[in-house]
Structure formats: C-alpha cells, structure tokens
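All remarks here apply to the structure that follows.
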Amino acid sequence: MPKGRTTLVTGGTGSGKTLLGVQFLVAGAREYGEPGVLVSFEESAEKVSANVASLGLDLDGLQRNGLLVVHAFRVDPAEVIETGEFDFQPLFLLLADAIERIGAKRVVLDTVEVLFTVFRDRAIVRAELGRLFRWLEDRAVTAIVTGERSDGLSRYGIEEYVSDCVIVLDHRISDEVSTRRLRIVKYRGSAHGTNEYPFLISARGFVVLPITSVALDYAAPEERISTGVARLDHMLSGGLFRGSTVLVSGTAGTGKTTLGAYLIDSACARGERALLVLFEESPDQVIRNMRSVGLDLWRWVEAGLLRMWAARPTAFGLETHLAILAQLIEEFAPPVAVLDGLAGLTHGSCVAEVASMVARQIDLLKKQGITVLATTLAAETETSTIGISSLVDTWLLLRNVESDGERNRLLFVLKSRGSAHSNQVREFVLTDRGIELVDVYVGSAGVVTGSARTTQEARERDTKLQRDEDLMRRQREVRRAIIEGEARLAVLQDELAAEKAEIDRIERRQQHQTADVEEDRAAMASRRWADQAGDERGQR
Amino acid sequence: MTEPRRTGAGPEASDPRQTWELRLYVTGRSPKCARAIENLQAACEQHLAGRYRIEVVDLLENPRLAADDQILAVPTLVRKLPPPIRKIVGDLSDTDRLLVGLQLRPRKG
C-alpha cells in the first residue's frame, strides 16, 4: 500500500473489501506499530468485530490496547432529510481525535459510497470526500477507502479523488465455480503487476498469492532422489533430480496414483515431509488403496511427515485451489509434493485456464525447490490433456495395452531432461507387494505383455529346456562312446599283451628246443664218439 | 385550522401540551452552523412558540459524541421529542423542507 496516501478498493458485494481493510489495520497495529481507525458506514462495530473474529482478527483486543478505533455509522436514508448546505466535519473531527489520541497512522473508510445514497446532494458529498482525502494525505495517513463496484471502477466515481492507487476486487463465477481475484489498476510511483491475482478468504484472513512470477530462475540441484521404484530409478539413470517436475500421464487405472504414492513413501522413509494433494479421491480411500499394493501411508501421516489434502476440483475455483496449495506449501514446506488427478480440474473450467493454473502451480512448487509429481488423465498416448508437457522435466507415460483379452500396463519414459534415460518400455505390474517393472518381451510380433508375455516366457523356457536336454543327450552319447572306446581299447590292449606274451613264450620255447637239440646232438655224439667234424661240437 | 382529509402535520403537532426537544449538532461557529441556528430559531418561534427547547451541541468540544450519536454531517438537527427521532441535515435554509422534516408542515397561508 502506498504509505501516506489513499487507496481505493472497489469490488462487488461480498468481494472482501471490508476484510481487506480490516486486515490492513490489524497488520498495521500488530506488525508495524501503526494504530488505525476503522470507520464503517455499513455495519455496526460489533458486527464488524464479530465478522472478522471468525478469521482470527481480534478487533476488540486491539481496541482495548489502544491500537484501533472503530466507529460505525448506521445511517438510514429514510430518516435523514436535507435542507441546505452541510459538511462532514464530524467525520474529520473523529478522525483527528483518533489520530491525536492513539496516533493513528492508518484509516479505513468502509464503504464511503454509502454516503451518496444517504445524502441527496451529491455535489456536496463529492466535494467533502475530496476534501477528506486531501486532509488525510496532509496528515500522512495511509488510508483505504472502499467503494462499491459497478460498470466503471466505483459507482460514484470516487476514483477521481483517489488517484494514487486503485485496487479492484472481483468475485467472478465461471462455470458455476467462483474465484476471487484482485487487480491493481493503478499504483503511482511503483512497478506493479497488472495481472489479476487470485486471493482467498481463509481461516487466516485475506491471502493474496505470490504467484506467476513467470521468470525461469529456479535453481537446478544435481541431487537425485528415488522414485521408490528401483527399476524406475534405474530407467532414469539414478532417480529424479531434486526439485524437478514429473508428469505421470495415462489412461484410467494405469497406476498413476500408485506411482505418486511410491514417491511419497520413499520421501517419508528418508524422513522428508511430503504433501499429497488429491483431486479425485479422499485421503482415506488412497490410504486404503495403497495398502492393497503394500504401501502403508498412514504411518507417515501419523508421524507427521505426510500431509494429505483432498478437494473436489469443483469445490473451489481454480485460483482458490492454487491459493490453498500455496498456503499448504507455506505452512508445511514439503520437499516433495504429489498432485494427483490434475485433469479433474478441467471439469467446469476451460482448458486454457487449467493449463495456466497448473503452470502456476508447478512454477510455485518449483521455485520452492519442491520435487513434484503430478498425475493426469490422458486419453491419447503422447499428449497430456492439459498441455503442460513442456513444463515438466520428466514425463512418464503409463499405457494400457489390450491384447489377448486382457489389459496390461506399460510404462515409458517419454522424456527426462538432463539425464540419460532408458528408451525401453517396461511392463508395469501392480502386485500386493507393490510395483514391479518387468521387461517386456519384444519379439517379431511386437511388444508382448501380460499373460502373453508369460506364455512367451514359458515357451522360451521350454525351448531352452529342450535345447538343454538335447545337449545333455548328445553329451551322454558321446561320453558313452568314449567309455565304449576306452573299453574296447582295454580289450585290445589285453589282446595285445596276450599276443606279446605268446610271442615271448614261442621264442622261449624255440630257444629251449634249440638247446635241447644241441644237447641231444652232443649226447648222441659222445655216445657215438663222433669226431670233431669241423665244429665245436665235434671236439666234445 | 386543519384540513379534515390531509393530516400533513403529525398528531403531536396539534397537541399544544407536547414539548419539542430539538438538538442541533454544530462544529464551532462556522457560517453554515450559525445559519442553521438562526433558521431553526426562526422556524420554531413561528410554529412552536413556547413549547420547544433547543440544545446546541458543539462537536468540537467532544468529537466522539459524533460517533455515539451517529452524527456524520453538520449541521444536523435531531428531533428527540416527540418520537420518532428525525434527523435533518443542512443549514435549514429551506424552511418548507425543515417543517416537513419536523413533521410540522403547516397549512399554506
């Protein structure tokens, strides 16, 4: 707010003008030590306090501590009759009194335009208001003046006097969902966003969102974190980069939420806080469903590590969703967030708005260095319904493939920025122990999954078995042949040995015979006294 | 004195015993306020001679009275009695409107 100047806040009924004003005063009193004055022309002081008490603003306490003065005027046009000139001097006196008494630095006039309906002489009201604003400026009082919004900025053209800063509040209903927005129309001497900023009236009061800094200036850490599925980490060469954004798209029932739950489980197991935003299911439902695949999320909720927040997409406007998300992030500061069922947001809103909203959500999360996994329903294969694919760093596609009368899930890594990743399709099997990624059978008939894959695997096993058996048989045969050969060899060797022995015997016998013959001849010769017939034998 | 069909003046206006309690809020001696006092006195003398009381409250002396009494503009004339309370804002220069406001509308002429 421009200090020492007057700001006009215009808006329709119920757009939160009064609240903005009151919060401005309370903030001044509590945080800046600037007491304030509230002049209400619409509601009684009690009513104003009661209304904002539900938002945690304690006006009575501030009044007791001399930090706030509330004056309320209930003026009924029916009981006021004008005759001749008048001025608003009492108002000036009251304000001057408050400024003097508690040192008020902030003034809120809510809704000044009521004066136009009470007093018929508009020229006087106009002149008096102009004087009032100048008077406030002279006293260096920061003021908020609220006005009823009509076609222009304010119904009675107060903006002519309040030329420094004009804020328009809007409560727009688009497709039956209402969204509160704030726009700074004019702010002299200050760079201001000209966009419409969504805001939220929550239990903490009036919250404007620090959104849409479209600047791409977030840090990119090198650290990788696990997705909770080992095979998937491997496919992404080591997991997700911290602070990156993952989009999981796929048709219904492909296990998107389960992937998200895995990421959360692994984050919580590391002791990190995680935020799960559900647009389709209730927290209980998710906890139950995840238990069926072996994930116990409830223990993380109990440990205070997991915060779940569920809301139907149609429960609020898109901007409100964004606002709530921003608030959750601020309160909880989770390093990991999962947004489940983004596509649900398209119900009742046009796609372009959703895309911009999601872009801002992602932007918001990214700026905080939060690792995000967003799931979305995608009818087609390689486009996400809400066209945010260019915003995400990693895109996992889950696809159902129907063949042989069954549907099987496939997981692809469509892209993963700044990291090598597997180009292969994996079959994604959900069992009661969790996610399993299984190699698909890639054969001549294309990708085979599910029971077809099982069959194929069995067939392959059979073939292998048969091949193994064949080899074994061959081996056995050869081995037997060898044994036989060896046996034959032994027999032959035996025979050989026998033959050799025979030859020896024959030779020996021959020698014996020769010797015998000699002996016989000698014996004979001696017997006959035969002479030495020219040889040795003859001499004997 | 009165027309049978139209009773522009309240019943109390014709009641001679009713005392009129009027309070005029002013801020100091501004010309507007001075004019209002003059105009009011003149009108009362003319129409309520002897049965009115005027109290002039200067908000400069106690600004917070403005909030308590719901006085946003000055001069403001408040008819406290007879009920109901009526507020008339302005310097009361338009006597006709003043009388209408006080429900003292007299018959013309």
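For segment B:64-74, give me the residue count where each residue is at the interface with chain A (Cβ under 8 Å from one of its Cβ atoms) and in contact with a Phe, Trp or Tyr (Cβ under 9 Å, 6 or more places away or on another chain). Walk me through it before giving the result.
Taking segment B:64-74 first, the residues at the interface with chain A (Cβ under 8 Å from one of its Cβ atoms) are B:64, B:66-67, B:70-74.
Filter once more, so that each one left must be in contact with a Phe, Trp or Tyr (Cβ under 9 Å, 6 or more places away or on another chain): B:66-67, B:70-74.
Residues meeting the conditions: 7.
Test B:Leu77 against the stated conditions and say whether it is more than 8 Å from every other protein chain (Cβ to nearest Cβ), within 13 Å of the chain's Cα centre (by Cα) and surrounded by 20 or more Cβ atoms within 10 Å (Cβ to Cβ).
Working: more than 8 Å from every other protein chain (Cβ to nearest Cβ): yes; within 13 Å of the chain's Cα centre (by Cα): yes; surrounded by 20 or more Cβ atoms within 10 Å (Cβ to Cβ): yes.
Yes: the conditions hold for B:Leu77.
For first residues located in segment B:26-55 and away from chain A (no Cβ under 13 Å), partners that are among the aromatic types (Phe, Trp, Tyr) and crowded, with 19+ Cβ neighbours inside 10 Å and lie 6+ apart or on another chain with Cβ distances below 9 Å form the pairs B:Cys44/B:Trp20; B:Cys44/B:Tyr52; B:Glu45/B:Tyr52; B:Leu48/B:Trp20; B:Arg51/B:Trp20; B:Tyr52/B:Trp20; B:Arg53/B:Trp20; B:Ile54/B:Trp20. Applying the criterion of being assigned to a loop (DSSP other than H, G, I, E, B) and aliphatic (A, V, I, L, M) to the residues of segment B:59-99, the residue that is nearest to B:Gln18 (Cα to Cα) is B:Ile85.
Hey, among the residues in segment B:80-92 that are touching a residue at least 24 places away in the same chain (Cβ under 8 Å) and at negative phi, which one's nearest to the other protein chains (Cβ to nearest Cβ)? Once the filter is applied, the top-ranked residue is B:Asp91. Within segment A:107-127, the set of residues being closer than 22 Å to A:Glu43 by Cβ and within 12 Å of chain B (Cβ to nearest Cβ) comprises A:Leu109, A:Val112, A:Val114, A:Leu115, A:Val118, A:Phe119, A:Val125. The single condition among (1) within 12 Å of chain B (Cβ to nearest Cβ); (2) modelled with pLDDT of 80 or more; (3) outside any helix (DSSP H, G or I) that A:Ala104 does not meet is (1).
The values are calculated or read from the model by the stated rules, or taken from the named source; none is laboratory data. Here the structure is a predicted model, which means the values were calculated and not measured. Positions of Cβ are generated from backbone atoms using ideal geometry, with glycine treated the same way; all protein chains shown enter the neighbour counts.
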